[in-house]
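Got a structure for you, questions after.
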Ligand SMILES: *Cc1c(COP(=O)(O)O)cnc(C)c1O
């Protein structure tokens with residue numbers, strides 16, 4: 001007989017790996033009502049504080065009035081509405097690409113895109129810390145997979161050499177992120193682009209945590225480094241700094257035409273509601289405005305306030321994104337630390353296996369442009385308290 005699920009759940013609980021849902025009873029923003037408490041939220045990916053922004057809500061409401069709630073069919077049948085087309089035009093322009101395609105989520109984007117680009121006989125080479133959606137997409141594609149240690153260019157190159165020697169005719173796709181979701185650091189993109197070009201491989205760059213945060217108008221790391229034209233597949237999500245929901249790919253017209261024919265998560269799924277496309281379009285327009293640029297600057301100012309107040313040994317020399325991991329190692333230590341923050345009035349979640357490798361449990365603290373400097377100073381106080389010898393196990397290696 002198969003092992004009962006109850007036993008498996010109990011095992012998770014014993015290892016401090018059991019998860020549960022938390023019901024938040026307030027609007028998106030830096031303050032939240034949860035478990036009868038008022039907390040300051042340092043956990044969301046709403047880096048610019050846009051998810052509850054009235055002008056985005058208004059754009060969605062207007063689109064509902066015009067187009068209704070449901071899109072009624074897949075994009076290829078009768079689900080493509082004007083807001084989808086406008087959003088994709090704007091996405092291409094924003095990412096300095098020829099064309100763009102939007103999906104119902106970033107997860108669906110990764111699955112559909114990798115599955116359409118690579119198959120049996122092809123090779124996908126991933127950074128070890130690539131997001132689960134990219135790993136799942138790579139696995140589902142049926143391609144041969146190779147993983148290189150995080151940001152290790154030598155190993156990446158030796159995988160590429162191997163791929164070219166053993167699979168001379170294959171499509172080879174290198175997959176990495178511009179800002180890593182659980183570590184907050186960046187990929188050495190300029191070097192990766194040079195290497196992949198030498199081996200005539202394609203590069204898929206997931207800008208999920210860079211768009212809105214990094215580069216002029218928040219266009220991402222590729223644009224920050226002047227490399228947009230050399231990244232074959234620019235992927236991202238509409239659900240983080242952009243404050244809405246959905247995912248996208250930008251690239252050549254050929255790439256987009258191929259994906260809309262072959263990406264299964266695009267073809268075989270009902271189109272996302274027009275209201276989301278309309279809100280995402282409004283969000284992109286905001287990014288390009290002076291007000292959007294000012295909002296992004298506020299986020300970076302907040303990051304400076306945080307960096308100035310952090311205990312020593314806690315962070316990298318320089319914050320590279322809105323994501324600040326506090327490494328704790330043991331899963332139970334991360335849970336305990338998260339509890340301390342809760343008691344002090346902050347929501348800072350513990351990140352555990354399988355989101356990160358076993359023994360690398362951490363707190364993942366994220367900043368928003370909407371945090372007040374005094375809130376940031378207050379949260380750093382708790383980090384000092386946490387780092388004090390005797391309280392918990394202290395900070396591990398980063
Ligand atoms: C969040 C995330 C995704 C998935 O995007 P969703 O829109 O949330 O489905 C994909 N890649 C990375 C790196 C992410 O952090």
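Report whether or not residue 221 is at pLDDT 95 or above, over 20 Å from residue 76 (Cα atoms) and within 14 Å of the ligand (Cβ to nearest atom).
Criteria met by residue 221.
Ok, one more. If you take the residues in the range 74-84 that are assigned to a helix (DSSP H, G or I) and touching a residue at least 24 places away in the same chain (Cβ under 8 Å), which one is farthest from the ligand (Cβ to nearest atom)?
82
Looking at 340, 335, 319, can you tell me which residue is outside the structural domain of residue 181 (by TED's automatic domain parsing) and not in a helix (DSSP H, G or I)?
319
Can you name every residue in the range 85-110 that is under 17 Å from residue 232 (Cβ atoms) and away from the ligand (no atom under 11 Å from the Cβ)?
Matches in the range 85-110: 91, 92, 95, 96, 97, 98, 99, 100, 101.
Of the residues in the range 41-55, how many are more than 16 Å from the ligand (Cβ to nearest atom) and surrounded by 21 or more Cβ atoms within 10 Å (Cβ to Cβ)?
Within the range 41-55, residues that are more than 16 Å from the ligand (Cβ to nearest atom) and surrounded by 21 or more Cβ atoms within 10 Å (Cβ to Cβ) number 3.
Now for a separate question. Quick one: which residue in 118, 138, 92, 71 is touching a residue at least 60 places away in the same chain (Cβ under 8 Å), touching a helix residue (DSSP H, G or I) at 6+ places or on another chain (Cβ under 6 Å) and in the same structural domain as residue 244 (by TED's automatic domain parsing)?
Working: 118 fails: touching a residue at least 60 places away in the same chain (Cβ under 8 Å); 138 fails: touching a residue at least 60 places away in the same chain (Cβ under 8 Å); 92 fails: touching a helix residue (DSSP H, G or I) at 6+ places or on another chain (Cβ under 6 Å).
Checking each option against the conditions leaves just 71.
Residue by residue, here is whether (1) more than 16 Å from the ligand (Cβ to nearest atom); (2) in contact (Cβ under 8 Å) with a residue 12 or more places away in the chain; (3) outside any strand (DSSP E or B) holds:
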site	(1), (2), (3)
147	no, yes, no
154	yes, no, yes
159	yes, yes, yes
162	yes, yes, yes
165	yes, no, yes
168	yes, no, yes
175	no, yes, no
191	yes, yes, yes
194	yes, no, yes
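Can you tell me which of 236, 229, 243, 212 is within 16 Å of the ligand (Cβ to nearest atom) and either surrounded by fewer than 22 Cβ atoms within 10 Å (Cβ to Cβ) or not in a loop (DSSP other than H, G, I, E, B) (or both)?
The conditions single out 236.
For the range 111-134, enumerate the residues that are surrounded by fewer than 19 Cβ atoms within 10 Å (Cβ to Cβ) and within 10 Å of the ligand (Cβ to nearest atom).
132, the sole residue that qualifies.
Could you check, for the range 173-195, whether at least one of its residues is at positive phi and buried (at least 16 other Cβ atoms within 10 Å of the Cβ)? Spell out how you get there, then give the answer.
Here is the first cut: in the range 173-195, the residues at positive phi are 184.
When the remaining residues are screened for being buried (at least 16 other Cβ atoms within 10 Å of the Cβ), the result is 184.
Checked against the condition, which is being at positive phi and buried (at least 16 other Cβ atoms within 10 Å of the Cβ), the range 173-195 yields at least one hit.
The values are calculated or read from the model by the stated rules, or taken from the named source; none is laboratory data. Keep in mind that what you see is a predicted model, and the values were worked out from it rather than measured. With ideal geometry, Cβ positions are generated from the backbone for all residues, glycine too; neighbour counts draw on all protein chains shown.
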